[in-house]
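For reference, the structure discussed in these notes is given below.
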Amino acid sequence: MKTGLFQPLSLAIGLRYAGSRRSNRFVSFISLFSTFGIAIGVAALMVVISVMNGFEGQLKGRILGVIPHVVLTNQAGRIDAHPEGLPDLAKLPHVVATAPMLDSEGMLQSPGQLTGVSVQGIDPARWPKEDILHSQMLGGRLDSLKGGEYQIVLGQGVARRLGVGLGDPVRLILTEATRFTPFGRVPAQRIFTVSGIFGVGADVDDQIALIALADAQRLLRLPPETIGGLRLWLDDPFAADAVIKTPLPAGYQWQDWRRERGELFQAVAMEKRMMGLMLVLIIAVATFNILSALVMVVTDKEGEVAILRTMGMNEAGIVRIFMVLGASSGVIGALFGALAGLALTLGLNPLLNGLGLNLYMAAGGSGLPVIVEPMQVATILGGAVLLSFGATLYPAARAARVKPAEALRYE
């Protein structure tokens, strides 16, 4: 039975009930309250998740832009510069570049200051040009690191602690390599000249020092054909599992960024999940309001339901009417919430600046980082609609059980 082109009777009646004024103002208030509740919950969830995505993206770009994504090495951390029997690393999934590296722990000394650093011996000619260090150099150039010239590139935190700038000398001490003297064992050391300072805005600025690979080999007394490992850059550091599952010959092993920074990103992911769960509860409370409002509507409409039953409508048709009626609040609330959430997310920094509440910018940042993921928007929107439909099942089933004779007895 149709009431118009492609418009089933149950849908038409449900939409008519949704758009009509109800005699019970309290029911109307609860229905409106539930719609606003879903809208607020969806908007808040989108804003919070987008900001958390932004912070996660910043951490991924800044921290994982400096430390290796994946390294092919062995247990001792020293391999041949041209190992045999390995798969073609450049053809592995997500790999965009490879380069030899040599790392060690050391100390840097300037007149009056001493600090510990993680030293990386690199070959700038093999580094990808789109690497973050090329764009985050505050002074000097990364390709100033040439073997035999003993130049060093420091993080801005290291340079600040040492009180040095471009052209200043610093003494690099590597405790891993020692030599015997009449005074006993002395760690390897050499005067380096600061040729570059980088600042990515993360704690790696306080930890990393870069030197030429050949200079690192000389200080560590290693032959030119020995390196610490082969460093791999990935298009997405979180795709490291796709690389490390590649089998290697005996004696070789994979190491990835999670060895050093895994706990940090696990904590960020856990915080994002917990914030999302808390905001989902707001949407869940709103859907319970839909349920309670719909139960009262069923009680209010028992006479009309009985008339529809006597006119031949089956139980499934009654169920569909009240599902349409209840879900309309959820769908309207979810759509308005999604639109409001997108608008608020994209205009978040100007809004906070106008209100004088952008504490992140006041602390030296350029504004709250925001990344909107379309799949997350679709998931939030779909989840809110599904919760709304779920809230209609009990009231709709209760409406279908109305007995026409009893409902019409006193009409």
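Shown here for region 255-302: GluC sites (Glu not before Pro) in loop regions (DSSP other than H, G, I, E, B) with at most 15 other Cβ atoms within 10 Å, of which there are none. Loop only per DSSP, at most 15 neighbouring Cβ atoms within 10 Å: give me the trypsin sites (Lys or Arg not before Pro) in region 119-173, ordered by residue number. Here the sparse-neighbourhood loop sites are 129, 141, 146. Taking 0.36 nm per residue of separation and subtracting the Cα-Cα distance, full extension of the segment from residue 125 to residue 107 would add 3.9 nm.
Once each part is reduced to its C-alpha centroid, what is the distance from region 245-324 to region 65-122 in angstrom? What the calculation gives is 44 Å, centre to centre. The slack between residue 373 and residue 259, meaning 0.36 nm per residue of separation minus the straight C-alpha distance, is 38.3 nm. Qualifying GluC sites (Glu not before Pro) in region 144-250, where qualification requires a DSSP coil assignment and no more than 11 other C-beta atoms within 10 Å, comprise 225. If r is the Cβ-Cβ distance from residue 84 to residue 132 and R0 is 41 Å, what FRET efficiency results, to the nearest 0.05? According to the calculation, E is roughly 0.80. The amide H of residue 188, built 1.01 Å from its N in the peptide plane, has 174, 177, 178, 179 as neighbours under 5 Å, considering only residues 5 or more places off or on other chains.
All of the numbers you see were taken from the coordinates with simple rules; none came from a lab. Quantities reported herein were computed from a predicted structural model and do not represent experimental measurements. Counting neighbours? That spans all protein chains shown, and the Cβs are built from the backbone with ideal geometry, glycine included.
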